[in-house]
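This report refers to the structure that appears directly beneath it.
FYI, it's all coordinate maths here, none of it is from the lab. Owing to the predicted nature of the structure, the values given are computational and were not obtained by experimental measurement. Quick reminder, even Gly has a Cβ in these numbers, built from the backbone with ideal geometry, and neighbours come from all protein chains shown.
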Amino acid sequence: MYSDKVMDHFTNPRNVGELVNANGIGEVGNAKCGDIMKIYMKIENDTISDIRFKTFGCGAAVATSSMATEMVKGKTIQEALDLTNKAVAEALEGLPPEKLHCSVLAEEGIKAAIDYYYKRQDVQ
Ligand code: FES
């Protein structure tokens, strides 16, 4: 049912935890299941220099978050905003159709963290 890549990122997720010096934080919930995810980013010179996530979600949410954080780490804000949940699912060699909604958490969490970062820039 799950690809080897999904199993790998689920059993050995990358970038789990918090960042104490994060300047971009996003928390989102999945309307379909009620699961939640929090993303912490350190953004420097328009680039995501570090990223962590914590999720209260299913295995597919853990795997997609792990893969998504790997895909945006070291990338520019614009590249991160362009990342789609479909691209993350493809990088994981696919998700079962009924689990595709889980991959939306990571995409939305990244966008929410960047949004938070921009809002903080405005008030400084
Ligand atoms: Fe909730 Fe997967 S079932 S994120």
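A few points about this structure:
- Criterion: within 10 Å of the ligand (Cβ to nearest atom) and free of Cβ contacts under 8 Å to residues at least 12 places away in the same chain - qualifying residue of E90, E98, E79: E98
- Which numbered condition T69 fails, given (1) hydroxyl-bearing (S, T, Y); (2) more than 25 Å from M1 (Cα to Cα); (3) in contact with a Lys or Arg (Cβ under 9 Å, 6 or more places away or on another chain): (2)
- Selection from segment 72-98 of residues that are farther than 18 Å from S3 by Cα and assigned to a helix (DSSP H, G or I): V72, I77, Q78, E79, A80, L81, D82
- Considering the conditions (1) in a loop (DSSP other than H, G, I, E, B); (2) free of Cβ contacts under 8 Å to residues at least 24 places away in the same chain; (3) closer than 20 Å to Y116 by Cβ; (4) of a type outside the set (S, T, N, Q), E18 is excluded by exactly one of them, (2).
The rows are residues; the columns are (1) of a type in the set (A, V, I, L, M, F, W, C); (2) within 16 Å of the ligand (Cβ to nearest atom); (3) in a helix (DSSP H, G or I); (4) within 11 Å of the chain's Cα centre (by Cα).
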position: V6; (1), (2), (3), (4): yes, yes, yes, no
position: C33; (1), (2), (3), (4): yes, yes, no, no
position: I39; (1), (2), (3), (4): yes, yes, no, yes
position: I48; (1), (2), (3), (4): yes, no, no, no
position: I51; (1), (2), (3), (4): yes, no, no, yes
position: A61; (1), (2), (3), (4): yes, yes, yes, yes
position: S65; (1), (2), (3), (4): no, yes, yes, yes
position: T69; (1), (2), (3), (4): no, yes, yes, yes
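- Test: residue in segment 61-68 that is touching a Phe, Trp or Tyr at 6+ places or on another chain (Cβ under 7 Å) and not hydrophobic (A, V, I, L, M, F, W, C): yes
- For N45, the criteria (1) touching a strand residue (DSSP E or B) at 6+ places or on another chain (Cβ under 7 Å); (2) without any contact (Cβ under 8 Å) to a residue 12 or more places away in the chain hold in every case but one, which is (1).
- Subset of segment 1-17 [among the β-branched types (V, I, T) and buried (at least 17 other Cβ atoms within 10 Å of the Cβ)]: V6
- Filtered by the rule that a residue be closer than 25 Å to L100 by Cβ, more than 9 Å from the ligand (Cβ to nearest atom) and surrounded by 17 or more Cβ atoms within 10 Å (Cβ to Cβ), segment 18-31 gives G26, V28.
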